[in-house]
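Undergrad: Sharing a structure with you now.
The values are calculated or read from the model by the stated rules, or taken from the named source; none is laboratory data. As the structure is a prediction and not an experimental result, all values here were calculated from the model. Heads up, the Cβs are rebuilt from the backbone with ideal geometry, glycines too, and the neighbour counts pull from every protein chain shown.
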Amino acid sequence: MKAALYPPGPKSNMPFEVLRAFRRDVIGFLKQAADQYGDVAYFKAGPQKIFLLHHLDHIKDVLVTHHRRFSKSRGLQLAKRLLGEGLLTSEGGFHLRQRRLVQPAFHRQRIETYGRVMVDYAARMGERWQDGETKDVAHEMMQLTLAIVGKILFDAEVEAEADEIGKALTTAMTLFMERLTMPLAGLFDLLPLPSNFRFLKAKKRLDATIYRMINERRASGRDHGDFLSMLLLAQDLEGDGSRMTDLQVRDEAMTLFLAGHETTAIALTWTWYLLSQNPEAETRLHAELEKVLGGRLPTVADLPQLQYTRMVLAESMRLYPPAYVFGRQALQDFPMGQYVVPAGGVILISPYVLHRDARYYPQPEKFDPERWRPEAEARRPKFSYLPFGAGPRVCIGESFAWMEGILVLATLAQRWQMRLMPEHPIALQPMITLRPRYGVQMMIHRWTT
């Protein structure tokens with residue numbers, strides 16, 4: 001194959017200057033690169049060749065048509081330090097086996113039983129709130145979704161551990177982002193650095209929770225009907241008939257425990273913020289909740305009628321997708337139009353940038369749930385909305401996340417509204433997920449019609 005003709009993109013005569021710019025402001029860097037250089041932009045982050053894709057045909061090629069010619073990028077190896085060989089990080093035949101074993105947890109009948117837990121825990125949180133008090137809504141949503149996932153996955157109450165688990169997760173994610181954009185990061189992983197000790201301590205804290213639950217369940221021998229019981233009993237009937245080891249159970253449980261609460265909490269946090277800035281949409285949301293629910297708690301059966309609630313959540317995840325960027329690494333030279341991605345080259349796809357493309361979303365910075373009416377959504381091209389990825393590795397918990405987001409939003413919004421505290425700064429903190437850098441301090445008010 002001929003030598004690659006690299007696309008245009010950010011360059012500098014100063015060594016590592018492009019890498020430093022990327023690390024200083026990941027979101028701003030990617031947005032500017034797409035705006036300035038178009039559908040394919042190229043830059044070097046240290047020795048790494050990186051291609052930012054913004055064309056839907058190229059995105060389809062990488063995620064769907066030719067997905068076998070790519071692996072997950074360097075971030076995969078870093079994530080494995082925390083998640084092991086879970087669904088998010090495993091590859092090839094082992095990934096397919098694990099997905100087969102985990103898939104029953106997300107079957108429709110089982111998913112519907114989870115809805116009652118989601119509503120119950122959200123209602124309990126709403127009962128604790130007081131009219132006129134100030135809350136960091138980011139912290140509240142993290143605690144809520146952690147409690148929900150703990151109950152659903154492990155039939156356990158983990159609310160008392162929520163703060164410790166949250167701090168450990170933040171520590172691990174901070175190191176992940178530092179090393180992701182650091183040349184020769186593998187060497188730093190081997191050194192006795194304070195950051196490595198902090199990571200190991202955080203991992204140990206998270207492992208303590210997961211292994212405690214596994215050991216208690218093994219000892220009792222009872223089938224609780226939850227995700228953990230399903231993992232322990234799962235048998236690969238399409239393969240060699242084997243069951244998961246404790247380590248494999250740990251990796252899958254850790255992956256879903258962390259991924260299953262972090263992303264939904266962030267989506268809900270940004271939704272509350274956006275509703276506070278768009279009172280017309282907020283009023284329409286409350287009107288739907290009053291019409292459909294009439295003051296009672298929602299159920300899974302109400303989901304088809306909560307159309308505007310879903311539209312609000314969809315628009316929130318357009319503007320602030322929790323998974324704001326993801327990557328793939330070329331296993332071999334890969335032609336892309338007039339360019340060639342060399343073997344080892346990294347592809348970046350940014351839902352945050354893609355969702356702000358005016359070709360697909362007129363007035364892209366405007367919060368407009370009407371974009372998600374069925375007829376408008378049907379006109380929009382496929383792969384222009386990627387909050388959960390696409391292709392064979394699309395998020396296995398997508399239906400779980402939609403249901404939880406809608407039910408929690410409906411449960412709390414029918415009783416409460418929130419207003420951003422004056423002068424509270426709103427800024428992005430792009431870690432593995434798109435967190436608000438300073439939290440979201442809001443005053444909670446009882447909703448009155």
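Undergrad: For the structure I just gave you, tell me whether VAL64 is within 18 Å of HIS95 (Cα to Cα) and β-branched (Val, Ile, Thr). Spell out how you get there, then give the answer.
TA: Values: within 18 Å of HIS95 (Cα to Cα): yes; β-branched (Val, Ile, Thr): yes.
Considered against the rule, which asks whether it is within 18 Å of HIS95 (Cα to Cα) and β-branched (Val, Ile, Thr), VAL64 comes out as yes.
Undergrad: Kindly indicate whether any position in the stretch 345-362 is free of Cβ contacts under 8 Å to residues at least 12 places away in the same chain and either under 25 Å from PRO279 (Cβ atoms) or small (Gly, Ala, Ser) (or both).
TA: yes
Undergrad: Looking at this structure, is ALA401 outside any loop (DSSP other than H, G, I, E, B) and at pLDDT below 95?
TA: Values: outside any loop (DSSP other than H, G, I, E, B): yes; at pLDDT below 95: yes.
Yes, satisfied.
Undergrad: Another question, if that's okay. Need the failing condition index for GLU375 against (1) surrounded by 18 or more Cβ atoms within 10 Å (Cβ to Cβ); (2) farther than 30 Å from ALA45 by Cα, just the number.
TA: (1)
Undergrad: Now for a different question. Only one residue in GLU288, GLU282 is touching a residue at least 60 places away in the same chain (Cβ under 8 Å) and touching a helix residue (DSSP H, G or I) at 6+ places or on another chain (Cβ under 8 Å), so which one is that?
TA: It is GLU282.
Undergrad: Can you find, within the stretch 423-449, the residue that is surrounded by the most Cβ atoms within 10 Å (Cβ to Cβ) among those that are free of Cβ contacts under 8 Å to residues at least 60 places away in the same chain and not basic (Lys, Arg)?
TA: Selected residue: GLN429.
Undergrad: Any residue at all in the stretch 266-274 that's closer than 18 Å to SER350 by Cα and β-branched (Val, Ile, Thr)?
TA: yes
Undergrad: Considering LEU420, LEU409, which residue is more than 14 Å from the chain's Cα centre (by Cα), buried (at least 21 other Cβ atoms within 10 Å of the Cβ) and farther than 25 Å from ARG24 by Cα?
TA: Values: LEU420 fails: buried (at least 21 other Cβ atoms within 10 Å of the Cβ).
So the residue among LEU420, LEU409 that is more than 14 Å from the chain's Cα centre (by Cα), buried (at least 21 other Cβ atoms within 10 Å of the Cβ) and farther than 25 Å from ARG24 by Cα is LEU409.
Undergrad: Taking the options ARG328, ARG318, name whichever one is surrounded by 18 or more Cβ atoms within 10 Å (Cβ to Cβ), among the basic types (Lys, Arg), modelled with pLDDT of 95 or more and closer than 28 Å to ASP57 by Cβ. Spell out how you get there, then give the answer.
TA: Details: ARG328 fails: modelled with pLDDT of 95 or more.
Residue meeting the stated conditions: ARG318.
Undergrad: What residue, of LYS203, LYS151, is at pLDDT 75 or above and under 21 Å from LYS72 (Cβ atoms)? Spell out how you get there, then give the answer.
TA: Details: LYS151 fails: under 21 Å from LYS72 (Cβ atoms).
Being at pLDDT 75 or above and under 21 Å from LYS72 (Cβ atoms) holds for just one of LYS203, LYS151, which is LYS203.
Undergrad: Only one of (1) surrounded by 13 or more Cβ atoms within 10 Å (Cβ to Cβ); (2) in contact (Cβ under 8 Å) with a residue 12 or more places away in the chain; (3) of a type outside the set (Gly, Ala, Ser) is not met by LYS382, so which one is it?
TA: (1)
Undergrad: Please enumerate the residues belonging to the stretch 121-166 that are without any contact (Cβ under 8 Å) to a residue 24 or more places away in the chain and either within 26 Å of PRO425 (Cβ to Cβ) or assigned to a helix (DSSP H, G or I) (or both).
TA: Those that are without any contact (Cβ under 8 Å) to a residue 24 or more places away in the chain and either within 26 Å of PRO425 (Cβ to Cβ) or assigned to a helix (DSSP H, G or I) (or both): ARG124, GLU127, ARG128, GLU140, GLN143, GLU159, ALA160, ALA162, ASP163.
Undergrad: For the stretch 4-22, name all the residues that are among the small types (Gly, Ala, Ser) and without any contact (Cβ under 8 Å) to a residue 40 or more places away in the chain.
TA: First, pick out the residues of the stretch 4-22 that are among the small types (Gly, Ala, Ser): 4, 9, 12, 21.
Within the stretch 4-22, SER12, ALA21 meet the criteria.
Undergrad: Which is at negative phi, surrounded by fewer than 19 Cβ atoms within 10 Å (Cβ to Cβ), hydroxyl-bearing (Ser, Thr, Tyr) and under 23 Å from the mean Cα position of the chain (by Cα), of SER276, SER242?
TA: Working: SER242 fails: under 23 Å from the mean Cα position of the chain (by Cα).
Residue meeting the stated conditions: SER276.
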